[in-house]
Structures are given as structure tokens and as C-alpha cells.
Amino acid sequence: MAAATAAVALLAAGCGSASSGGTGTATSPVTITIWHNYGTEQNATALVNLAKAFEKLHPTIKVNVISQPAGNYFAQLQTAAISKNGPDLAVMWTGLFTLQYKSFLQNLKGEIPASDLAKVDPNALKWTSNGFNASNGPYVIPLENQFYIGFYNKSDFAKAGVTSVPTDWSQLYAACSKLKRAGYTPMVYGNGGQPLGATFYPWYDMSYMMIGAYPVSQWQGLYSGQIPWTSPAIAAQLTKWTKLHSSGCTNSDVVTNTNNLGQFESGKAAMMVDGTWDTQKFTSALGSKVAAFAPPFSNAPIKGVVDFAGDGISQMTYSQHPKQDAEFLEFMTTSQAAQIINAAGLIPAIVGTSTSNPVNQQMLNFVTANHMTVYPMLDNVVQSNIVSAGQKFLPSVLNGTQTVQAALENLQTTLGQLPASQRGNTFP
């Protein structure tokens, strides 16, 4: 409680004199439209509340926030860009997703004052810029700093006799055995949370499997092909991963379960791998019982954590309201916006602000206090074709209905079919 109170005080101190983010000088009422693929996540709550606050500061600008289906969101956005009848602003994933779609995204260098861009976490901005270099200008203003992370129920652990949080594969298997004997589902999987497909999203887990296999300095090799997806190190990691299901560490219905969040929130499941967009749901349901941990998909104690500004808002090049778009994006860099983002249970990506959610703060402490190595989200730094192939085949690997070798061969074939320009020795 003391830590949470201190964090709130710190954030409030940074929000005492929020900038309006623009003068609101439109001479007649203007409506700008924002598309998002957040579903009902905390991100959606934050975006809607940002729009409401912005409208109060700019009475002549109406912000129309529209939720789009997540399954075909990017295809729909691209189609709308071709016909130039899409939104003015849109949620965009960062990393290679940004660069893949940059032909219809406005580079914000010169559009947003440098003084406003300087308020944003520089590590967040770089992943939205050409060559992943922030000096080239961002295409996205990040909404928040995100973690792919594990959550666990401290009460379930205590009742099952699990006295320490697992930090490697062997400790994870041992904890699973105790939890299972105590009547809990040790780790729950399902397609709750981010509605990205019919099955659970496998790239949270894949990120930690690659943390366990390669240092961050070698991850570019997964993009270039220097490290083949069929490498023995990757195959070994997936073999250990699929053992989680075959040994009873997970729910049996990993590819069809739709209530994984509810099962974790009720205490029936002791662990799950998810992200900061659901932290507030878990702390609201479980209070002090819930805590964060780095999924220990590693032979040695895990030393890395995924800390990345995974998405934000972009301006479309064809927008008819560039001035009003820029005013909204400028507003997103203010301390008032950071307060709204924090209130939604998220971690602001604004320099000098903090988070009042104690579990989110625990994640930040992994980096600042425990000095864990920061990794990007793997699905944001490998090609989207690879991400799509992984979504199709990797859940079946955990389920045991697809072999590790067959799935990895598919990823490698997918990589080989890409043009050379999409698998170079440097990021585009």
C-alpha cells in the first residue's frame, strides 16, 4: 500500500500543470476518427478516456473512437488506406509492423514539436522509426510501455507448498507438480485477453523461449535467417514447452478454452502468461494475491524480460485533418494523458511519470532494481508472415497435435519465401 501510495503521489506531482496539447483553433467543428483493435482491454478504456479529455480541451474537435475486429484489423486498415476512406488516426503495432505499413503512415518528425516528442520514452520511440533509430522520426506515438509477462497467484502457491517463484524449466515443472496435486490448474491457456485469433496467442511464450535460447544481440539473426527457425536450440525450447501440456501443467483444452482469464481471476488456475493490458483486471479480482514473474522458459535462471512499447496511435497520410490529428498526438505526450493512461491500469510511456498499480511497478522493478535484460516483443521484430505462421501452427505444438519439427520447418519455409529485402542483416 505504501509503495502504491508513493507512486500515486509521484504521478500526481507530474500532472499538476498539464499542457492542453494544442490551441484548438479549428474555425468550425471537425470530427477526427480513430480506429483501434483493442477489444475490451484496458487499452480501449485508456483511448476512450483520452478522447473525452481531449474533447474537453478542444470543444471544436470531436473524436470518434471506433473498435474494429482484431482478426483482420491490419488488412482492413490497409484496404481503407488504398481507397483513402479510412480513419484519420489508428492504432498501430510498433516494430516491423510499423515499417511494413509506413507507406500510409505519416512520419511525425516536424509534425509533432520536438519538445513534445522528447517527453516520450526514447526507447519506445525508436521502435517506431526507420532503422529503429528515433532520430529518423517516429510513425507512432506509443500509448504505453507494455510487458509480456507471467502472472501468478501467491495464495495458490502457498497452499500448494510452492515456496519460491520458478526461474527455470526444472523449477517450473516442479511447481506444476505441486500445484496439480493441490487441485489447481498450474498454467492456464486460452484465447481470452487479446482477441487475436481463435486460439491463444503463442508469441508471448515464444518471446520467452527465445530469451532462454539467445541473447538480445542475436535476435536480429531470427529476422535475417542467420539463425534458422529449425535450429537445435529453438527445437529444444519448444520440446520443453510442449511438455507443459503433456505433463498436465496446463489445462487440457489449450486451443479451445475461452475462459482463461476467468479461471485465473477465480483462483482455479495458478499461473498464466499475458501482458500489462490485463494487469488491472487481475489486481481488481485478486488484490494482493497476484504478482508478476518472468516466464522461466530457460535452462538457467531467466535473466531477461519483455519490456516494449507495443502499440500506439499513428496518423494516416491521407487524413483530411492533419492539424487536428497532430493536436491529439501532442496531447498524448502530456502529463495529463499519462495520468489517464495510469488510471486505466497501464504504464505511461512518458518520461518522468510512474505507475500506481503495484504489479505494474513490480514489472518495472525487474528492469530498474533487478537489472534484468530488456528484450523487445519477438513478434514485433520478426516478419509478419512468420508471426501469422506461428499463430497457425504453434498452439497445436503445445497441444501435442503438431510436431515441433513440422511447425519449425513451416516457419523456416515461410522465411525462405520472403524477398531478400525482408530478411537482411539490418532491420529496414
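The values are calculated or read from the model by the stated rules, or taken from the named source; none is laboratory data. The model shown is predicted, which means the values in this text are computed figures rather than measured ones. Cβ sites come from the backbone with ideal geometry, for glycine too, and all protein chains shown count toward neighbours. Quick note on the areas: whole protein, heavy atoms, side chains included, nothing else; ligands and nucleic acids left out. Shrake-Rupley method; radii C 1.70, N 1.55, O 1.52, S 1.80 Å.
For Val306, the residues whose modelled amide H falls within less than 5 Å of its own, excluding neighbours fewer than 5 places apart on the same chain, are Tyr148, Tyr375. With each label modelled as a point 7 angstrom along the Cα→C-beta vector, the Glu55-Val216 pair spans 3.9 nm.
Listed values for the stretch 126-141 are Karplus-derived 3J(HN,Hα) couplings in whole Hz (6.51 cos²θ - 1.76 cosθ + 1.60, θ = phi - 60°), namely 4, 7, 10, 10, 3, x, 6, 10, 4, 5, 7, x, x, 9, 9, 9, and x replaces Gly and Pro.
Against the chain, whose longest principal axis comes from its Cα atoms, helix 384-399 is set at around 30 degrees. Atom-type composition of the exposed protein surface of the stretch 366-428 places 49 percent of the accessible area on carbon and sulfur (1.4 angstrom probe). Positive contributions from Lys and Arg (+1) and negative ones from Asp and Glu (-1), summed over other residues with Cβ under 13 Å from the Cβ of Ser266, come out at +1. Any idea which of Asn123, Gly137, Ala51 is furthest toward the positive side of the dipole for the stretch 35-173, if Lys and Arg beta-carbons carry +1 and Asp and Glu beta-carbons -1? So the residue furthest toward the plus end is Ala51. DSSP assigns beta bridges within the chain; of those with both partners inside it, close to 60 percent run antiparallel. Extent of the stretch 187-249 along its three principal axes (Cα atoms, max minus min coordinate, largest first): 34, 27, 17 Å. When the helix-only estimate is applied to the chain (DSSP H runs of n ≥ 4, each -39,500 (n - 2.57), divided by the residue count), what is the mean residue ellipticity at 222 nm, nearest 500 deg cm²/dmol? Theoretical 222 nm ellipticity from helices: -12000 deg cm²/dmol. The convex hull of the Cα atoms of the chain, projected and averaged over all directions, covers 19.3 nm². Note on the stretch 30-52 and the stretch 314-345: Cα centroid distance 10 Å, given to the nearest whole angstrom.
With 20 Å as the cut-off, how large is the P(r) tail for the stretch 343-417, expressed as percent of Cα-Cα pairs?
Numbers: 1503 of 2775 pairs.
For the stretch 343-417, the share of Cα pairs beyond 20 Å comes to 54 percent.
The residues of the chain expose on average 38 square angstrom of accessible surface per residue, using a 1.4 Å probe on protein heavy atoms. Charge dipole (Cα centre; +1 on Lys/Arg Cβ, -1 on Asp/Glu Cβ; no other charges) of the chain amounts to roughly 620 debye.
3J(HN,Hα) along the stretch 285-296: 7, 10, x, 6, 6, 8, 8, 9, 8, 7, x, x Hz, from the Karplus curve 6.51 cos²θ - 1.76 cosθ + 1.60 with θ = phi - 60°, whole Hz, x for Gly and Pro.
Apply the a/c threshold of 1.5 to the C-alpha gyration tensor of the stretch 83-163 and tell me whether it is rounded, prolate or oblate.
Note, shape of the stretch 83-163 comes out prolate.
Each peptide in 60-66, 219-225 was scored by the mean count of other Cβ atoms within 10 Å over its residues; highest first, the order is 219-225, 60-66. A straight chain from Ser252 to Thr317 at 0.36 nm per residue would run longer than the Cα-Cα distance by 18.7 nm. Thr31 sits among other residues whose Cβ lies under 9 Å from its own Cβ, and their net charge, with Lys and Arg +1 and Asp and Glu -1, is 0. For the stretch 276-428, a/c is not less than 1.5, where a ≥ b ≥ c are the root eigenvalues of the C-alpha gyration tensor, and a/b does not top b/c. That puts it in the oblate class. Using only Cα atoms, tell me the angle between helix 2-14 and the longest principal axis of the chain; keep it within 0 to 90° and round to the nearest 10. That helix lies at roughly 20 degrees to the long axis. Projecting the Cα atoms of Tyr223, Met316, Met363 onto the dipole axis of the chain, where Lys and Arg carry +1 and Asp and Glu carry -1 at the beta carbon, places Met363 farthest toward the positive end. Just add up the charged neighbours of Tyr73: K/R +1, D/E -1, any other residue whose Cβ is under 15 Å from the Cβ of Tyr73. Neighbourhood net charge equals -3.
The stretch between Ala236 and Ala158 holds 25.0 nm of extra length on full extension. This uses 0.36 nm per residue minus the Cα-Cα distance. 3J(HN,Hα) couplings calculated from phi for the stretch 359-373 with the Karplus curve 6.51 cos²θ - 1.76 cosθ + 1.60 (θ = phi - 60°) are, in sequence order, 6, 4, 5, 4, 4, 4, 5, 4, 8, 6, 9, 8, 6, 6, 6 Hz; Gly and Pro show x. Checking the Cα-Cα distances for Lys52/Lys109; Lys56/Lys126; Lys56/Lys119; Lys243/Lys268; Lys119/Lys154 against a 28 Å cut-off, the pairs over it are Lys56/Lys126; Lys119/Lys154. In this structure, the amide hydrogen of Leu105, modeled 1.01 Å from its nitrogen in the peptide plane, lies closer than 5 angstrom to those of Thr317, counting only residues at least 5 positions away or on a different chain.
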